[in-house]
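No value in this document is a laboratory result; all are computed from the given coordinates. Because the structure is predicted, anything quoted here is derived from the model rather than measured. Counting neighbours? That spans all protein chains shown, and the Cβs are built from the backbone with ideal geometry, glycine included.
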Amino acid sequence: MKPYEVTLEIAGHTAMWTRPDTGDCPVSYPAPTFSAVQGIFKAICWGPAVDIVPFKVNVCKPLHFHSYATNYNGPLKKSGTEGAYQFLATVLSDVCYQMYAYVYPARKKEGLPDKALAWDKKTTSPGHAYAAIFERRIRTGKCFTMPFLGWKEFTPSYFGTFRKDTRIQEDINTVLPSMLREVFPEGYNSPCQFTYDQNVRIERGVLQYSLKGREAVND
């Protein structure tokens, strides 16, 4: 059975899809990670009783990397030091992406909130219901929480349905030897566990995520 599909377009002045292997001065991937796309869809319509599985992203603006500096005074600062320290990063500027995902009933329901379990119990087709709610919200500009482009301070200049004048950057071709996939692969309220995809390709401006066995399964 064909899965239920949801799509959105998102654009912004700055984005940061952090590569974990770049250390104290992080560098952005050219496109969002699997989990970052999940987070953007969930920001529009959050539903722990369904699994959001991204399968494609179109890169719709040229890639421009630039230096970004901010003062950090958060919990990861070295103990015993006073004041903030300057945090340097390499981010993307003027970005636009078209995102695609499939919606499935949640495979793991243990630990879900009572409201989510009640919704799941009374809903005969959770994937279909979520997709319908999502489409209504994306058309009206509503969201559960404000989506962001990697870091919370990088809010979008646009998010919504695909715009007619948006074009895929077909001259972008690259291979990412290793790309972060998920931090919580077991779903809602699960322990942290970093997972990666290898040899991720962006071909003619399109990145395809692995579906890992969920290609044609749905409720």
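Give the cysteines in the chain for which no other Cys Cβ lies under 4.7 Å away, or write none if there are none.
Cys25, Cys45, Cys143, Cys192
Quick check for me: using +1 on Lys/Arg Cβ and -1 on Asp/Glu Cβ, what's the dipole size of the chain about its Cα centre, in debye to the nearest 20?
For the chain, the charge dipole is close to 560 debye.
Measure off 7 Å from each Cα along the Cα-to-Cβ vector at Phe144 and Thr70, then give the distance between these two points in nanometres to one decimal.
With each label point 7 Å from Cα toward Cβ, the separation is 2.3 nm.
For the range 123-195, give the magnitude of the charge dipole about the Cα centre (Cβ charges: +1 Lys/Arg, -1 Asp/Glu; no others), in debye to the nearest 20.
That gives the range 123-195 a dipole magnitude of about 400 debye.
Please return the longest range in the chain lying between exposed loop sites, taking GluC sites (Glu not before Pro), DSSP loop only, at most 11 other beta-carbon atoms within 10 Å, and leaving the sites out.
Here the longest run is 1-81.
Could you list the trypsin sites (Lys or Arg not before Pro) in the range 56-133 that lie in coil according to DSSP, counting only those with at most 11 other Cβ atoms within 10 Å of their Cβ?
Lys78, Arg107
Sort Cys96, Cys25 by Cβ crowding within 10 Å, fewest neighbours at the top.
The most exposed by this proxy come first: Cys25, Cys96.
How many nm separate the modelled label positions at Glu153 and Lys122, each set 7 Å beyond the Cα in the direction of the Cβ?
In this crude spin-label approximation the distance works out to 4.3 nm.
If contacts are Cα pairs under 8 angstrom and at least 6 residues apart, what is the relative contact order of the range 161-200 in percent?
Relative contact order for the range 161-200 comes out at 39 percent.
Provide the gained length on full extension for the span Asp21 to Arg107, in nm with one decimal, where the gain is 0.36 nm per separating residue minus the Cα-Cα distance. Intermediate values should be presented prior to the final figure.
Details: separation 86, 0.36 × 86 = 30.96 nm, distance 3.04 nm.
Roughly 27.9 nm would be gained on extension.
Shape call for the range 76-138 from the C-alpha gyration tensor, a ≥ b ≥ c root eigenvalues: rounded (a/c under 1.5), prolate (a/b greater than b/c) or oblate? Don't skip to the answer; put the middle values down first.
Values: a/c = 3.99, a/b = 1.78, b/c = 2.25.
Judged from the Cα gyration tensor, the range 76-138 comes out oblate (a/c at least 1.5, b/c at or above a/b).
Size of the dipole of the range 35-125 about the Cα centre, Lys and Arg at +1 and Asp and Glu at -1 on the beta carbon, nothing else charged, in debye to 20?
Roughly 260 debye for the range 35-125.
First check a/c for the range 7-122, with a ≥ b ≥ c the square roots of the eigenvalues of its C-alpha gyration tensor; if it is under 1.5, answer rounded, and if not, answer prolate when a/b is larger than b/c or oblate otherwise.
In terms of gyration-tensor shape, oblate.
Determine the relative contact order of the range 52-101: mean sequence separation of Cα pairs under 8 Å and six or more apart, normalised by residue count, in whole percent.
Working: 69 pairs, mean separation 29.1, N = 50.
Dividing the mean separation by the residue count of the range 52-101 yields 58 percent.
Quick one: net charge around Cys60, please, counting Lys, Arg +1 and Asp, Glu -1 for every other residue with C-beta under 14 Å from its C-beta. Spell out each step's value before the answer.
Working: positive: Lys56, Lys61, Arg163, Lys164, Arg167, Arg204; negative: Glu9, Asp94, Asp165, Glu170, Asp171.
Value of the local net charge: +1.
So what J values fall out for the range 152-167 if you push phi through Karplus, 6.51 cos²θ - 1.76 cosθ + 1.60 with θ = phi - 60°, rounded to Hz, Gly and Pro as x?
Result, ordered by residue: 4, 6, 9, 7, x, 8, 7, 8, x, 6, 4, 8, 5, 8, 6, 10 Hz.
Kindly provide the helix-only [θ] at 222 nm of the chain, computed as the sum of -39,500 (n - 2.57) over DSSP H runs of four or more divided by all residues, to the nearest 500 deg cm²/dmol?
Result for the chain: -5000 deg cm²/dmol, rounded to the nearest 500.
Mind checking the full-extension length gain between Leu88 and Thr7? Use 0.36 nm per residue of separation minus the Cα-Cα distance, one decimal, nm.
Here the segment from Leu88 to Thr7 would lengthen by 25.9 nm.
Quick check: convex hull of the Cα atoms in the chain, volume per residue, rounded to a whole Å³?
Once divided by residue count, the hull of the chain is 142 Å³.
If the reach is capped at under 16 angstrom between alpha carbons, list the aspartates and glutamates near Lys142, excluding any in the same chain fewer than eight residues apart.
Counting by Cα, and skipping residues close in sequence, Lys142 has these aspartates and glutamates nearby: Glu9.
Could you tell me the calculated FRET efficiency between Ser190 and Arg136, based on Cβ-Cβ distance and R0 = 30 angstrom, to the nearest 0.05?
E between Ser190 and Arg136, to the nearest 0.05, is 0.55.
Run the quick spin-label model on Glu170 and Arg201: label points 7 Å from Cα toward the beta carbon, then report their separation in nm to one decimal.
1.7 nm
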